[in-house]
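All of the numbers you see were taken from the coordinates with simple rules; none came from a lab. Keep in mind the model is a prediction, meaning the values are calculated, not measured.
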Amino acid sequence: MHSLEERREPMAQPLKTFPHGPARPVETRQFKYPSEDETFVRRFGSAVLTVWASLPPEVQQKILVEANLVWDREYNIPNLPAKLEAFVKRRGGK
């Protein structure tokens, strides 16, 4: 029998970064919203971009990971992680 210490697994795995952006988590939850809430979602997204440069790197990374999981009417966007990172580099903090 294994002791509790031997069976303990880390609470979170470190985020792996690949040439085209962060690895997509295996998580299945998604933030979905009705079309009448789209204006609020856009406003929150714009607000995040406005303060992007002042956010700690770990918060920026978490937002990028979550942005890859978010449900959207446009799906199957090729190279989405890399495109999101390029977008925040162009627009973040402006």
- Item | In order through segment 52-67: 3J(HN,Hα) via Karplus (6.51 cos²θ - 1.76 cosθ + 1.60), integer Hz, x for Gly, Pro | 3, 5, 8, 7, x, x, 5, 6, 4, 5, 4, 5, 4, 4, 5, 4
- Whole-Hz Karplus ³J(HN,Hα) for segment 68-73, in order, using 6.51 cos²θ - 1.76 cosθ + 1.60 and θ = phi - 60°, x for Gly and Pro? 6, 8, 4, 5, 8, 5
